[in-house]
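K.L.:
Structure below; questions to follow.
The values are calculated or read from the model by the stated rules, or taken from the named source; none is laboratory data. Remember, predicted model here, so these are calculated numbers, not experimental data. Glycine gets a Cβ as well: all are built from the backbone with ideal geometry, and neighbour counts include every protein chain shown.
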């Protein structure tokens, strides 16, 4: 049977991103996903929706053109309190958290001493002595252990709030108009990478102008049991009805982030990569003082990385680049694919991968090897979709 565009995208997401696990947790929206006939998969230890009946392409376009709602409660939240909270965060993250005031958010990374990436994360300054780190769901245990290992000598208290917090991401051009209907504060002053604490459907929440889609969007962090979570879910669906809002799954979250060339931990970045070669030099502030990995990263920047993460567009139809496919140029292997999928917006196959530095410039012709054949592609300027 011939597979559809949707089937191909779902297959790649399921086999390369969402790994099957025996014992899985459930978010407080689990029954809502089942009621909506979501296709559930294992991800980061949770049973999560990869897509709903209308499919990944529909959901992708809904977010790009109107508004969709993601359950991303699998993400991890660590609270950091104490007089040394900022100093602790400065040690473990690459960006300069001293630039943050209460109400500000920062994209950052944690590195090992060898410069390899522990995780990428969001840093929230809630109060001068109260911060929150939001980490990838698949890395919660590893990241928590890393934070505990690094807290020695700092007057801080750490609390893993992951199981307490529900997280919904309302993403798309109509996200603000949707959330405003059930928020008790004006959302207009909330600029990109800032947040306010207000009430959603009468329940206190961090209302954050952030997301992983590249669209206008808000992420809502709130505590509460299943009854609270389901009420907020229902109220958002009702508020967004005039815009056609529907729940959307993690499958389109991946295609949306790939079009914007946002790194995915475990694919594009991991402990074997460093922020400089991954194009994350802009969140690596080597002049802020010493931090984990800063000596190695300074040397990498001075000597320039030997390889770089690039984006490419495949030049032929009916071929989708997959993770670990080899990249060739000039008759030799020059790198490896880290992410690849079909772009619903461009209707083309796109991908990310590391290549030798000499081949990083847009316009460079490359080839992707699969099944003993070479398929032509071209390095392009990122993001794929503006």
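K.L.:
With (1) assigned to a helix (DSSP H, G or I); (2) touching a residue at least 60 places away in the same chain (Cβ under 8 Å); (3) touching a helix residue (DSSP H, G or I) at 6+ places or on another chain (Cβ under 6 Å) as the list, and residue 74 as the residue in question, which single condition is left unmet?
P.N.:
(1)
K.L.:
Here's something else I'd like to know. Within segment 177-192, work out how many residues are farther than 11 Å from residue 208 by Cα and without any contact (Cβ under 8 Å) to a residue 60 or more places away in the chain. Steps first, please.
P.N.:
Kept after step one, since they are farther than 11 Å from residue 208 by Cα, are these residues of segment 177-192: 177-186, 188-189.
Adding the requirement that they be without any contact (Cβ under 8 Å) to a residue 60 or more places away in the chain leaves 180-186, 188-189.
Adding up the residues that qualify gives 9.
K.L.:
Something else: Can you tell me which of (1) touching a residue at least 24 places away in the same chain (Cβ under 8 Å); (2) on the phi > 0 side of the Ramachandran plot is the one residue 237 doesn't meet?
P.N.:
(2)
K.L.:
Do we have any residue at all in segment 68-85 that's closer than 23 Å to residue 161 by Cβ and out of contact with any strand residue (DSSP E or B) (no Cβ under 9 Å at 6 or more places or on another chain)? I'd like the intermediate steps shown before the answer.
P.N.:
Here is the first cut: in segment 68-85, the ones closer than 23 Å to residue 161 by Cβ are 69-85.
Next, from what is left, pick out any that are out of contact with any strand residue (DSSP E or B) (no Cβ under 9 Å at 6 or more places or on another chain): 83-84.
Yes: segment 68-85 contains one or more residues that are closer than 23 Å to residue 161 by Cβ and out of contact with any strand residue (DSSP E or B) (no Cβ under 9 Å at 6 or more places or on another chain).
K.L.:
Can I ask one more? Out of the residues in segment 114-147 meeting the condition of being in a loop (DSSP other than H, G, I, E, B) and out of contact with any helix residue (DSSP H, G or I) (no Cβ under 7 Å at 6 or more places or on another chain), tell me which one is surrounded by the fewest Cβ atoms within 10 Å (Cβ to Cβ). Steps first, please.
P.N.:
If we filter segment 114-147 for residues that are in a loop (DSSP other than H, G, I, E, B), which is where we start, we get 114-116, 128-129, 136.
Still in the list and also out of contact with any helix residue (DSSP H, G or I) (no Cβ under 7 Å at 6 or more places or on another chain): 116, 128, 136.
Values: 116: 16, 128: 12, 136: 18.
By that ranking, first place goes to 128.
K.L.:
Residue 177 versus (1) at negative phi; (2) crowded, with 21+ Cβ neighbours inside 10 Å: which is the lone unmet condition?
P.N.:
(2) is the only condition that residue 177 fails.
K.L.:
With the condition kept exactly as written, say whether any residue in segment 309-319 is at pLDDT 95 or above, touching a helix residue (DSSP H, G or I) at 6+ places or on another chain (Cβ under 9 Å), surrounded by 18 or more Cβ atoms within 10 Å (Cβ to Cβ) and in a loop (DSSP other than H, G, I, E, B).
P.N.:
no
K.L.:
If I ask for residues that are under 18 Å from the mean Cα position of the chain (by Cα) and either assigned by TED's automatic domain parsing to the domain that holds residue 346 or surrounded by fewer than 17 Cβ atoms within 10 Å (Cβ to Cβ) (or both), which ones from segment 25-60 would you list?
P.N.:
45
K.L.:
Now for a different question. Go through (1) touching a residue at least 60 places away in the same chain (Cβ under 8 Å); (2) assigned by TED's automatic domain parsing to the domain that holds residue 32; (3) out of contact with any strand residue (DSSP E or B) (no Cβ under 7 Å at 6 or more places or on another chain) for residue 63 and report which single condition fails.
P.N.:
If we test residue 63 against (1) touching a residue at least 60 places away in the same chain (Cβ under 8 Å); (2) assigned by TED's automatic domain parsing to the domain that holds residue 32; (3) out of contact with any strand residue (DSSP E or B) (no Cβ under 7 Å at 6 or more places or on another chain), just (3) comes out false.
Let's see how each residue does on (1) part of a strand (DSSP E or B); (2) touching a strand residue (DSSP E or B) at 6+ places or on another chain (Cβ under 7 Å); (3) modelled with pLDDT under 95:
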{"residue": "337", "(1), (2), (3)": "yes, yes, no"}
{"residue": "345", "(1), (2), (3)": "no, no, no"}
{"residue": "363", "(1), (2), (3)": "no, yes, no"}
{"residue": "384", "(1), (2), (3)": "no, yes, no"}
